[in-house]
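Participant: Next up is a structure, given as structure tokens.
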Amino acid sequence: MDAMTSPATLPAALAATPDRRQALAFRHVSKRFGRADGSSLEVLRDISFDVPAGSIVSILGPSGSGKSTLLNMAAGLLAPDQGRVLVLGHETTGDAAGAVDWSRLGYMFQDDRLLPWRSALANVGLALESGSIGKREWRARSQAQLALVGLGDFASAYPHQLSGGMRSRVALARSLVTEPDILLMDEPFSRLDAQTRTTMHTELLRIHRERNMSIVFVTHDVEEAVILADHIVMFSPRPGRVHTELAVDLPHPRLGTPEAQTLVAELRAAIAGMSADWVI
Ligand SMILES: Nc1ncnc2c1ncn2[C@@H]1O[C@H](COP(=O)(O)OP(=O)(O)OP(=O)(O)O)[C@@H](O)[C@H]1O
């Protein structure tokens, strides 16, 4: 590298260019919650890992290990007590927080949170209503998302007219309608029956291939993490710490393949060795 381009001589603005190869980065993140009796509950301790752009990262951990808390930090709903959270290279707290473009994140929750008085189309379009798009574009984009999740013919159906799997698809379409670069998913399929969940896994992987967004998928289900993820970050019981981080370099589909079953068994053995307190 010649002297003109060495990092020491780069203009400050260039040197500070955010690292967009990382959709998300967690750096030494810790979090406590205050309790009514004045004490505090340590939920996360010194969490560091990256979510590379375009990857599916699964956070796997027992109940109470702070998985949702970490996701809420990535969404800007909570601030860390210590450490830093970066979204597309921008810190979510401090002076630089204004640079984060929150519209580039989507969030899918454990419960579908559909509004019962709105049709499937109107539920999907909800996320677009804070913007300034016209009615025609609103309808076209919402309809396109419903078609993407296989519900193009159910635009006028109301939530009570849909099965659990269909409701889950509507919720997925709603979280995708803003075309986010990063999709945060908090145990989104945990309430579905096994067969429907398998279908949703296939759909999610297809959409991920088409959209190439980054996904953070929180689960306490080892098999679900293995089926979906490129990387698994396994948390210890509370306070959540990164116990194991591994790459899952297996072709899709993985369900029922010997390689996936071996990895599931290895992770279950690691969990058994970690603690008897892994509660799901
Ligand atoms: N706002 C809050 N105030 C106080 N305590 C909280 C708050 N949010 C979460 N907690 C507590 O922090 C701990 C971690 O919660 P969190 O929901 O992040 O865990 P989790 O790993 O996602 O669990 P689960 O798999 O059961 O959803 C829990 O004991 C929870 O009760």
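Participant: Report the residue count in the range 229-243 for those that are away from the ligand (no atom under 16 Å from the Cβ) and out of contact with any Asp or Glu (no Cβ under 9 Å at 6 or more places or on another chain).
Facilitator: 1
Participant: Next question. Select from the range 45-60 the residues that are within 14 Å of the chain's Cα centre (by Cα) and within 12 Å of the ligand (Cβ to nearest atom) and list them in ascending order.
Facilitator: Scanning the range 45-60 gives 59, 60.
Participant: Could you check the range 38-54 and list, in sequence order, the residues that are out of contact with any Pro (no Cβ under 6 Å at 6 or more places or on another chain), surrounded by fewer than 19 Cβ atoms within 10 Å (Cβ to Cβ) and not hydrophobic (A, V, I, L, M, F, W, C)?
Facilitator: Passing the criteria: 38, 39, 40, 46, 48, 52, 54.
Participant: Follow-up question, since we're still on this one. Quick check, is residue 225 more than 22 Å from residue 48 (Cβ to Cβ), buried (at least 18 other Cβ atoms within 10 Å of the Cβ) and in contact with a helix residue (DSSP H, G or I) (Cβ under 9 Å, 6 or more places away or on another chain)? Reasoning before the result, please.
Facilitator: On the way: more than 22 Å from residue 48 (Cβ to Cβ): no; buried (at least 18 other Cβ atoms within 10 Å of the Cβ): yes; in contact with a helix residue (DSSP H, G or I) (Cβ under 9 Å, 6 or more places away or on another chain): yes.
For residue 225, the condition - more than 22 Å from residue 48 (Cβ to Cβ), buried (at least 18 other Cβ atoms within 10 Å of the Cβ) and in contact with a helix residue (DSSP H, G or I) (Cβ under 9 Å, 6 or more places away or on another chain) - is not met.
Participant: To continue, here is another question. I'd like to check something: does the range 58-73 contain any residue that is free of Cβ contacts under 8 Å to residues at least 40 places away in the same chain, assigned to a loop (DSSP other than H, G, I, E, B) and surrounded by 15 or more Cβ atoms within 10 Å (Cβ to Cβ)?
Facilitator: No: the range 58-73 contains no residue that is free of Cβ contacts under 8 Å to residues at least 40 places away in the same chain, assigned to a loop (DSSP other than H, G, I, E, B) and surrounded by 15 or more Cβ atoms within 10 Å (Cβ to Cβ).
Participant: Name the residues in the range 202-222 that are within 23 Å of residue 63 (Cβ to Cβ) and surrounded by 20 or more Cβ atoms within 10 Å (Cβ to Cβ), would you?
Facilitator: Listed by number, the residues that qualify are 204, 215, 216, 217, 218, 219, 220, 222.
Participant: Filter the range 63-103 for residues that are β-branched (Val, Ile, Thr) and in contact with a helix residue (DSSP H, G or I) (Cβ under 8 Å, 6 or more places away or on another chain); which is nearest to residue 241 (Cα to Cα)?
Facilitator: 85
None of the figures in this text is laboratory data; all of them are computed from the coordinates on show. Quick caveat, the model's predicted, so the values are computed rather than measured. Counting neighbours? That spans all protein chains shown, and the Cβs are built from the backbone with ideal geometry, glycine included.
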